[in-house]
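What follows is one structure encoded as structure tokens, with my remarks underneath.
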Amino acid sequence: MRLVTLRTAAGLRAAVRHDDHYIDLHATDAAFPATVRQLLAAGPEVLRHAGRAGKRTDAVRVPAAQARLAAPIPDPQKIICLGLNYRDHAAETNAPIPREPILFSKYPTAIIGPGEAIVLPRVSAEVDFEAELVIVVGRRGRRLSEAAAPQHVAGYTVGHDVSARDWQLKKDGKQWMVGKTFDTFAPIGPELVTADEVPDPHTLGIRLRLNGQTMQDSNTRQMIFGVGATLAYLSQVFTLEPGDLIFTGTPPGVGFARKPPVYLKDGDVVEVEIDGLGVLRNPVVAERG
């Protein structure tokens with residue numbers, strides 16, 4: 001199943017893909033929750049019912065080619081991110097392989113969807129790109145085992161961990177969180193692909209193109225901490241909730257590690273692609289005003 005958030009005249013609405021259309025679930029049946037996060041929280045039976053909505057003759061359909069999409073989860077309660085979680089990226093930056101996940105957070109104001117602009121803040125001159133697989137939590141969980149943790153995954157989406165390197169690495173004490181959570185620094189989408197359609201999230205090709213040029217090209221098999229290990233570790237600290245987003249780290253090829261460095265600039269277009277999940281495309285603009 002592929003879930004999206006549609007921009008409609010009635011506001012943001014959860015929708016499910018059916019062939020070449022999206023089914024506006026709440027418009028089809030007011031018993032469906034209005035948002036994707038609420039849909040996940042409602043449980044697996046409601047989600048299965050949503051998957052059958054395309055068979056209804058009264059389904060409210062929006063052609064996929066004409067749909068205006070927001071982020072699939074525009075309102076997460078938590079955005080957790082892993083740093084240095086790809087072996088090839090750790091090697092690129094001459095960093096030791098972490099023994100435990102390196103964590104930081106973003107805030108919901110960083111979330112944007114496909115086609116929305118990444119805004120380069122006036123206070124940063126070193127904004128970098130990072131392609132990432134994003135886990136979407138589907139079930140509440142605390143103190144999960146590594147074996148049980150994948151059962152709490154709703155699915156996956158494509159993510160872009162935009163990073164102001166001068167704020168992240170050159171401030172006193174280093175400031176990973178502030179360097180990573182400027183407004184618009186967490187594009188995700190276009191779709192949330194449910195876990196049943198991703199047989200193995202650890203064998204997915206992941207790529208990033210900047211103005212059509214491939215800058216990152218790797219595979220999620222390079223991840224140091226996989227899905228189960230990551231969720232089990234996080235759930236020791238806090239309760240995972242439906243709709244929580246977990247950015248799982250980036251492969252090599254990032255801009256600051258290049259010689260000379262490559263940073264995002266006004267007018268750029270970035271595409272992140274993950275096998276089976278789709279392409280997330282965002283323009284880049286300088287902050288105005």
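The values are calculated or read from the model by the stated rules, or taken from the named source; none is laboratory data. Computed from a predicted model, the values in this text were never measured in an experiment. Positions of Cβ are generated from backbone atoms using ideal geometry, with glycine treated the same way; all protein chains shown enter the neighbour counts.
Okay, residues lined up against (1) crowded, with 22+ Cβ neighbours inside 10 Å; (2) outside the structural domain of residue 222 (by TED's automatic domain parsing); (3) aliphatic (A, V, I, L, M); (4) in a strand (DSSP E or B):
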{"position": "99", "(1), (2), (3), (4)": "no, no, no, no"}
{"position": "103", "(1), (2), (3), (4)": "no, no, yes, yes"}
{"position": "115", "(1), (2), (3), (4)": "no, no, no, no"}
{"position": "136", "(1), (2), (3), (4)": "yes, no, yes, yes"}
{"position": "145", "(1), (2), (3), (4)": "no, no, no, no"}
{"position": "151", "(1), (2), (3), (4)": "no, no, no, no"}
{"position": "154", "(1), (2), (3), (4)": "yes, no, yes, yes"}
{"position": "157", "(1), (2), (3), (4)": "yes, no, no, yes"}
{"position": "174", "(1), (2), (3), (4)": "no, no, no, no"}
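Would the range 73-92 turn up any residue that is part of a strand (DSSP E or B), within 24 Å of residue 9 (Cβ to Cβ) and touching a residue at least 24 places away in the same chain (Cβ under 8 Å)? Within the range 73-92, none of the residues are part of a strand (DSSP E or B), within 24 Å of residue 9 (Cβ to Cβ) and touching a residue at least 24 places away in the same chain (Cβ under 8 Å). From the list 99, 56, the one residue that fits, being touching a Ser or Thr at 6+ places or on another chain (Cβ under 7 Å) and without any contact (Cβ under 8 Å) to a residue 40 or more places away in the chain, is 56.
Yes/no per residue for (1) assigned to a helix (DSSP H, G or I); (2) modelled with pLDDT of 95 or more; (3) polar (S, T, N, Q); (4) buried (at least 18 other Cβ atoms within 10 Å of the Cβ):
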| site | (1), (2), (3), (4) |
| --- | --- |
| 218 | no, yes, yes, yes |
| 225 | no, yes, no, yes |
| 230 | yes, yes, yes, yes |
| 238 | no, yes, no, no |
| 249 | no, yes, no, yes |
| 261 | no, yes, no, no |
| 267 | no, yes, no, no |
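Looking at the range 114-127, is at least one residue of a type outside the set (S, T, N, Q) and within 16 Å of residue 193 (Cα to Cα)? The answer is yes; a qualifying residue exists.
Scanning the range 93-106 for residues that are within 20 Å of residue 179 (Cα to Cα) and not aromatic (Phe, Trp, Tyr) yields 93, 95, 101, 102, 103, 105, 106.
Considered as a group, the residues in the range 202-216 that are part of a loop (DSSP other than H, G, I, E, B) and either under 18 Å from the mean Cα position of the chain (by Cα) or small (Gly, Ala, Ser) (or both) include one that is surrounded by the most Cβ atoms within 10 Å (Cβ to Cβ), and that residue is 204.
Taking residue 16, is it closer than 28 Å to residue 117 by Cβ, of a type outside the set (S, T, N, Q) and at pLDDT 95 or above? Considered against the rule, which asks whether it is closer than 28 Å to residue 117 by Cβ, of a type outside the set (S, T, N, Q) and at pLDDT 95 or above, residue 16 comes out as yes. Return the total of residues in the range 21-75 being surrounded by 17 or more Cβ atoms within 10 Å (Cβ to Cβ), over 20 Å from residue 246 (Cβ atoms) and hydroxyl-bearing (Ser, Thr, Tyr). Summing the residues that are surrounded by 17 or more Cβ atoms within 10 Å (Cβ to Cβ), over 20 Å from residue 246 (Cβ atoms) and hydroxyl-bearing (Ser, Thr, Tyr) in the range 21-75 gives 2.
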